[in-house]
Every structure is written in C-alpha cells, then in structure tokens.
Amino acid sequence: MKASEIRSTFLKFFESKGHQIVASSPVVPGDDPTLLFTNAGMNQFKDVFLGFDKRPYSRATTSQKCIRAGGKHNDLDNVGYTARHHTFFEMLGNFSFGDYFKKDAIAYAWELLTVHFKLPADKLWATVYAEDDEAYDIWKNDIGLPAERIVRIGDNKGGRYMSDNFWMMGDTGPCGPCSEIFYDHGPDVAGGPPGSPEQDGDRYIEIWNNVFMQFNRTEDGVMHRLPKPSVDTGMGLERLAAVLQHVHSNYEIDLFQYLLAGAKNAVDYAAGVTDGSAGCDKDSPSLKVIADHIRACSFTVADGIIPGNEGRGYVLRRIARRAIRHGYKLGARKPFFHTLVVPLAAEMGEAYPELQRDMARITEVLKAEEERFFQTIHNGMEILDGALAALEKSGSKQIDGETAFKLHDTYGFPVDLTGDVCRERGVTVDEAGFNAAMNRQREQARAHAKFKMAAGLEYTGAATAFHGYEHLVCEHSQVTAIYID
Ligand code: ATP
Ligand code: MG
Ligand code: MG
Ligand code: MG
C-alpha cells in the first residue's frame, strides 16, 4: 500500500466513524507563541480542547504536517541515524472534543490496524500510563491483548507526570495520560520491548499514540482539568508505511525512493561525478539527512519562513546547513540542495499543492542560503588549510581548541566539519580547549545579560531574555507538575 493510499484509508476510516476530515494547518503555527513549529496534529485544535473555541463538529481527523526540530519535541540530531525519526513528517490523527473517550479510541485504533490495514495482532504491543487501570483493562478485556504485551510505563523522566506515557504538547498546554501502540519488526532488528532498558533500538517501533486529554498545564506547573475529557491521537504516516510495505526503515518506503535517488544524483553532480561512475553511497546516512531535510526546509519556506539568525528562521537555517554540510561530506563542492525541491514537489505536490505553487520561490530562497553557506565553508577552509599547514611544519598532530572555536564563532564554520577535515588529514581537534572557549563565551554572554539587569538597562528586554532562559532550563530539568482537580 502506497503512502498516499494509507493516508486516504486512515481519513476515510475515521470519516465513516463520524469524523470531519479537516485540512492540515501550516507548519508555522498562526498565533501560538509557545510553539516554534507545528509538532502534532492537535496543535490546530488546542483552543478547542481548552474550551476557548468551538467547532461545528465534535470529531475530527487530519493528516498534519509536523516539524520536530526544536522546542520540546526535538528530533534533529536523530535524523539520518534512526530508522524512524524525521524532522518533517505527516501525523495521522483522530480527535474527540468531549465526545468519545478511552474505550472507543482504543477500539477504533485496533479495528483500523488489524481489520483494515490487516496487521498481525501478535506483532502489536500496547503501553499505558502506569496508573491508568482503565486503559489497561480495555486492552486486556475488551481487545483481548495478552497481558505480556501490555506494558505500564510510570514516571520515568524525573518528576510527577514526566513519562513517555504522559503526553504534553510543550511546557504548557493540553496534556494527559496516553496509550501507545508498538509494532515488532522482528528479531533481526536490535532493540527491546517498550519499557525495557533495551527499548532504544528500532525493533519495537512506536507507531501510534492515543492521548487522553484531561488537563491544561499552566506555566506554574499546575494541572487544570479540561472542561471535557477528550482524545487526541497521532500516528506517523512514514512509520506505518514502513510496516505496511514490509520494510524496516522509514527511508525504504515509496515516498522516499525518488527523493533519495534525487539526492544522490544532485550530490554526485555537485561532487563532479558526471560520468555515471559510482559517486556517493546510496545507503549513506548523509543522503538520508539530505532527503529528510529538503522536506522540512521546503515546507517551512512554503509557509513563509526564510533563513535567519533567530527564532524559526534560525531553525530553518540550521536544518538547511546540516543538509548542505552532509552533502559536503559526500564530496559536493557547489550548491545542490535547492535542486531537490523539484523531485519533492513531484512526489508530494499532489497532497500538498503549496509545493507546486511555490516551487520557484522555495528554490530561490534555499539557493541563496546555500550559496551563502558554501562561501562560509570556502572561507573557513582557507583558514583551516593555513592552520593545518602551520601545524605540519611544527610537527604537531593536534589543532588547538582556540582555532576551532574561532572558525566556529567568527567564521560560522561548523566544528564537526573542522573535525572531519582534520580526521582526513590525520589530525585531532583539542576538544577540551574548544569546550573551554565555548564556555568562556557563554559566561561572558551571561555576565553581560546580568549587568544589563543590574543597571536597569533596557528593563523589558532584559526581563524577556531572562524569562526565555528560565524556560530553556525548565525544558531539561525536573519539572514537578502539581495536580489540581
Ligand atoms: P519517539 O518516542 O519515537 O520519538 P514520540 O513518542 O516522541 O516518538 P509522539 O509525540 O507520541 O512521538 O507522536 C505521535 C506519533 O508520531 C509517534 O507515535 C510516531 O508514529 C510519530 N512520530 C513522532 N516523532 C516522529 C518523527 N520525528 N518522525 C516521524 N514520525 C514521528
Ligand atoms: Mg520523540
Ligand atoms: Mg515515544
Ligand atoms: Mg509517543
């Protein structure tokens, strides 16, 4: 079953169960400052869950464009290296706004997977939030899933409700316990069952999350009960396609084949391999990164973002440069990335017409960024070459941290690129020295911010900056949620 058929089968199934098919919202959320990019299907319904907005329907279904490359759900560093993470992906979802709850949500999911998509029931596992006896009993008694394949997951991230089975949109907003469905790709793939210490492999893949929305978490960590218990689910289209197409990795599904081939051609061409002789390896993680990132970059530009130095523009710049950097690693010495907008539009333009409509503009924006970054790489390489020549004369085999830092900080030359170039020449980078320089710069920035506060300069600006910093820390440290009825 092709990805496009999977998408329509999902939507039609829920339409037959009384759900309104609603179009995907943009990847750039309209008026939600708490969110960098749309990270889940429920984002466009946030105010409906909170009771601030009403729709003419109480059940909806969508295929939502999502980006997870910053903020609470950030998968950027995983991409290219796991079989299941993308920066851009499509999330299939069904939603109940105070209509049905756990029992129906689980029954619908099971019917769709086992009857319509015909997945073998014995390869499916379910997880529930540890204290959620109701969901556990539904799986065990109504569905008949054997107890050994129902796993209770407790608070495992340091703090009350900090669990893989307690879903939060961000640090604030709608949230609730959830029940996830996993598919076992079989013993040939490394990884343990959900909840086990070996889970972090690609054997047991989480395909579908059913969230039982019950609370709104406010900035003070307090959980307020929502006006009506609701349901929000999300299933990665690419992960389901991998299962249904009997392949293990998302990158092996139909949707990615044309794009990966396009990425290989473009990189080979930009590397000067034009005679059909083997260029870059078609299975390289770098090619996957490029094929993945052209989706995130194109959809982001289509929704009005351009590369820049802050906020969403900065995230876009990071994603684009990460892709270009991987192309460089494969030998590309001139712009190639922007040429992939054409195969992308050919592959996904039918489902997402904005790609066809904006093809020329997206290409131009990405090309300009790519030319800028190749210039940066070129300038950095001159400096690095000079430093390496001096090093050779001195007989040392290690480039000092200060030089690596200066390349990164002053010239925008990525430190992992410095590492790669040095490795190729049999030289190491003084990592401790680099980190020390980096920390020194962070301290200076912090001291500068404090000075501004103490002096009462630009009071509003300083307060906002500090608030942002607090938020950042909060994302990574223990957050103790307080439950209020
Ligand atoms: P994982 O644990 O694999 O990172 P998650 O628990 O962060 O996934 P959810 O927030 O529960 O994911 O999102 C719902 C569904 O969306 C997941 O079950 C999965 O199918 C899909 N999904 C999540 N993140 C990604 C991603 N980066 N790329 C592709 N699909 C994803
Ligand atoms: Mg995740
Ligand atoms: Mg998960
Ligand atoms: Mg999940």
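In the stretch 196-213, the residues that are over 18 Å from residue 166 (Cα atoms) form Cβ pairs under 6 Å with partners that are within 11 Å of ligand 4 (Cβ to nearest atom) and part of a strand (DSSP E or B), at six or more places apart or across chains, as follows: 204/182. Residue check: is residue 290 within 30 Å of residue 99 (Cβ to Cβ), out of contact with any Cys (no Cβ under 7 Å at 6 or more places or on another chain) and of a type outside the set (Lys, Arg)? When the stated conditions are applied, residue 290 does not pass them.
Restricted to helices (runs of 4 or more DSSP H) entirely inside the stretch 18-137, those with at least 2 residues that are closer than 30 Å to residue 2 by Cα and in contact with a Ser or Thr (Cβ under 8 Å, 6 or more places away or on another chain) are 102-111.
For the stretch 263-305, filtered to residues that are under 19 Å from the mean Cα position of the chain (by Cα) and β-branched (Val, Ile, Thr), the residue that is farthest from residue 83 (Cα to Cα) is 305. Taking the stretch 141-157 as the range and being of a type in the set (A, V, I, L, M) and part of a loop (DSSP other than H, G, I, E, B) as the test, only 145 passes. Regarding residue 153, is this residue of a type in the set (A, V, I, L, M), touching an Asp or Glu at 6+ places or on another chain (Cβ under 7 Å) and surrounded by 15 or more Cβ atoms within 10 Å (Cβ to Cβ)? In short, yes. For residue 281, are the conditions met, namely being over 29 Å from residue 326 (Cα atoms), away from ligand 4 (no atom under 16 Å from the Cβ), open to solvent by 10 Å² or more (accessible area, probe 1.4 Å) and touching a helix residue (DSSP H, G or I) at 6+ places or on another chain (Cβ under 8 Å)? No: the conditions fail for residue 281.
Within the stretch 228-239, if we keep just the residues that are within 30 Å of residue 84 (Cα to Cα), in a strand (DSSP E or B) and of a type outside the set (S, T, N, Q), the residue that is nearest to ligand 4 (Cβ to nearest atom) turns out to be 234. Among the conditions (1) within 16 Å of ligand 3 (Cβ to nearest atom); (2) crowded, with 20+ Cβ neighbours inside 10 Å, residue 75 misses just one, which is (2).
Only residues that are touching a strand residue (DSSP E or B) at 6+ places or on another chain (Cβ under 6 Å), more than 18 Å from residue 237 (Cα to Cα) and of a type in the set (Phe, Trp, Tyr) were counted across the stretch 89-118, and they come to 2. Within the stretch 322-354, the set of residues being in a helix (DSSP H, G or I) and under 17 Å from residue 37 (Cβ atoms) comprises 322, 323, 354.
The values are calculated or read from the model by the stated rules, or taken from the named source; none is laboratory data. Since this is a predicted model, take the numbers as computed values, not measurements. All Cβ positions, even for glycine, are placed from backbone atoms using ideal geometry, and neighbour counts span all protein chains on display. Please note that ligands, DNA and RNA were not included when accessible areas were found on the heavy atoms of the full protein model with its side chains. Shrake-Rupley method; radii C 1.70, N 1.55, O 1.52, S 1.80 Å.
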